[in-house]
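**Student:** I'd like to ask some things about the structure below.
The values are calculated or read from the model by the stated rules, or taken from the named source; none is laboratory data. If you're wondering where the values come from, they're calculated on a predicted model, not measured in any experiment. We place every Cβ from the backbone using ideal geometry, glycine too, and count neighbours over all the protein chains shown.
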């Protein structure tokens, strides 16, 4: 446990800068609710402590315990399915005393761990049986999350797992088989498992149907972002935000608050910060020769990027509303802690690498 931590100070400073921006945005989106701010600060402190703890763990231990971490994560999903707290028609949370957490956020870590471990241990699947084992490991948590229902997280898990296969150099013939399999699976999911509201959200992207029910979120979000112009209306001056026309403006639709109050300029600044963070993480991935570490960091980067793209695309009406938070910005302790655990793992891997200069 005791080891020297090699810190990428630029990466950490950028993350803290985004967190400060998050505090400002959430204070505005909550109509200056000081309790939201207190909870956020508490979540940041806890997440930082966990990040420091994780960063001190030798990455070989993370690799060796990948299977155990995965199995514990599956157990939590089963517990959610049986005893989970139902909020707004979805059973995604576990309540322990005063604390409520969302296990699916941590599955994003354990799934990437087990998939990276599989590739290092057995290599990229080169037979039908090895591909079957990999897909079974990938799809088991996806299934449990899909039936919560949580379409957004299940999609992210699925795409991230397939991304790991792709960067591992899977044979083109297997890619065709995977595409055929998931085409059939998508049709069956649509017919048998997807809820009507999920179907309507997808249909509303292609048909201008009932903007005051299915398309209401997106309509109000687009109005908010469009009304912000280039410089924005100013902090605490967003009318769509202030009068709560945009639902879920603390979580899934917080990007619309940024667009309305800080305009295109604020959006460009946030995206620039995200891109620099991704660049710093890519540099750490590039300098490690360990296949497990390289695949794991790459999968974390991809998942981080995917969350950003899906959230922004949701708020501007390009993708259906699937409940994906904006990383490091949206209110939510589980999401924040999950991201800080990933950062801690990346710092742990960075500490295991010999000195290597990163040119900014």
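**Student:** Give the residue, chosen from 119, 69, 79, that is under 24 Å from residue 343 (Cβ atoms) and more than 21 Å from the chain's Cα centre (by Cα).
**Tutor:** 119
**Student:** Sticking with this structure for a sec: Looking at residue 259 and the list (1) over 25 Å from residue 196 (Cα atoms); (2) under 16 Å from the mean Cα position of the chain (by Cα); (3) assigned to a helix (DSSP H, G or I), which single condition is not satisfied?
**Tutor:** So residue 259 meets the others, but not (2).
**Student:** Of the residues 79, 45, 67, which single one is closer than 17 Å to residue 110 by Cα and at pLDDT 95 or above?
**Tutor:** 67
**Student:** I'm trying to understand the selection: among the residues of segment 215-256, which are crowded, with 24+ Cβ neighbours inside 10 Å and either over 23 Å from the mean Cα position of the chain (by Cα) or over 18 Å from residue 320 (Cα atoms) (or both)?
**Tutor:** Residues satisfying the conditions are 224, 228, 238, 240, 241.
**Student:** If you don't mind, another one. Check whether at least one residue in segment 145-166 is exposed (fewer than 14 other Cβ atoms within 10 Å of the Cβ) and at pLDDT below 85, and report yes or no.
**Tutor:** No, the conditions are met nowhere in segment 145-166.
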